[in-house]
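Colleague: Right, I'll just put the structure down here and ask away after.
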Amino acid sequence: MAEGQAAPFLDVRDLRVSFPTPDGMVQAVQGVSFSMSRGQILGIVGESGSGKSVTSLAIMGLHGRGSQITGSIQFAGEELVGADPRRILQLRGAAMTMIYQDPLSAMHPYYTVGWQIAEAYKAKNQVSRKAAWNRAVEMLGRVGIPQPERRAHDYPHQYSGGMRQRAMIAMALSCGPQLLIADEPTTALDVTVQSQILDLIMEIRAESETSVIMITHDLGVVAEIADQVLVMYAGQVAEQGDAAQVLESPQHPYTWGLLRSMPRLERSRQDRLSAIPGAPPSLVDVPAGCPFQPRCPYHARTNDLAATARPVLRQVGPEHWAACHLDDDVRSQIFIEEVKSSL
């Protein structure tokens, strides 16, 4: 860090997470590093099983006792890896919080929405039940729930999918967190409601300088709201950097594949989506070389490095890094001649 430069608000270094299964030890996250400033939005993208959610759960301290976590997670200057579980519990729900993909399963069906938000707030603040209830109603109104005084008495199943997600955001924000982790918060929502939820997250960031980690498989969502992008594959970082640079000039074949697979309005209805062939590798038996090598159409141009050596992140732009064995000139030629026109 340069002299005079502010320390990152969230600084993750060489994070590794593994846990036992009947098939062996799963190496779910392998050496992930990134940092965020206050008020930044980081988009973490990748296919299912890439390690996105495991990374976020490690930050929140939500992995089970059998998990093995090494590396460093500095949150506002405080080390979380190996910290006292009671301290993590104090931070979780107050200084840092999380909203989940399926709010119907995340909320208890036997209690009203208002009661659940009020209890979450009361658990972290020494207030009366009436004050906690008023806070719940206030937060429901803030996230756009109509008639919040009445709807606070309703149960989760009486809310639509978009309203349940708003209620989850209200619960997450009730204690004024400094870090909000959103794990696929718009996946099951129609495009109109999805846009409303993204606008709400942007408003929250602007109002309170809350840092946001947006976990998604949708690069369109990342393009709309993220300042920084982290592309994960097989538990590792394939590419990361400034969102505009990564999305406009991607430098990793996996990112090329993700962008090619996005549906676009300008494409003909007869055009087929371009899927990435093959499947991600097993994280029980991680390949020795580049994890993307079996699916990469350009691995033959790496002089066998892709099959034998794991690539390291290298700077490929002012605020842009990629973990790829392709020579810079070769990668640039492929991008210009074969990839750019298809994105």
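The values are calculated or read from the model by the stated rules, or taken from the named source; none is laboratory data. What you see is a predicted model, and the numbers here were worked out from it, not measured in a lab. Neighbour counts are summed over all protein chains in view; Cβ atoms, including those assigned to glycine, are modelled from backbone coordinates with ideal geometry.
Colleague: Could you please find all residues in the range 145-165 being under 24 Å from the mean Cα position of the chain (by Cα) and either in contact (Cβ under 8 Å) with a residue 40 or more places away in the chain or on the phi > 0 side of the Ramachandran plot (or both)?
Modeller: G161, R164, Q165
Colleague: Could you look through the range 171-204, keep only residues that are farther than 14 Å from A226 by Cβ and of a type in the set (S, T, N, Q), and pick out the one that is surrounded by the fewest Cβ atoms within 10 Å (Cβ to Cβ)?
Modeller: Result: T192.
Colleague: Shifting gears a bit: Checking T97 against (1) of a type in the set (S, T, N, Q); (2) out of contact with any Pro (no Cβ under 6 Å at 6 or more places or on another chain); (3) in contact (Cβ under 8 Å) with a residue 24 or more places away in the chain, which single condition isn't satisfied?
Modeller: Result: T97 fails condition (2) only.
Colleague: Of the residues A172, A131, which is under 13 Å from P103 (Cβ atoms), modelled with pLDDT of 85 or more and part of a helix (DSSP H, G or I)?
Modeller: A172
Colleague: Output the strands (runs of 3 or more DSSP E) that fall wholly within the range 231-343 and possess 1 or more residues being within 21 Å of the chain's Cα centre (by Cα), or say none.
Modeller: Per the criteria, 236-242, 320-322.
Colleague: Mind counting the residues in the range 122-144 that are charged (D, E, K, R), free of Cβ contacts under 8 Å to residues at least 24 places away in the same chain and surrounded by 12 or more Cβ atoms within 10 Å (Cβ to Cβ)?
Modeller: Count: 2.
Colleague: Regarding the range 3-17, can at least one residue be identified that is over 26 Å from I225 (Cα atoms) and hydrophobic (A, V, I, L, M, F, W, C)?
Modeller: yes
Colleague: Could you please find all residues in the range 145-160 being surrounded by 14 or more Cβ atoms within 10 Å (Cβ to Cβ) and closer than 18 Å to Q101 by Cα?
Modeller: Listed by number, the residues that qualify are P156, Y159.
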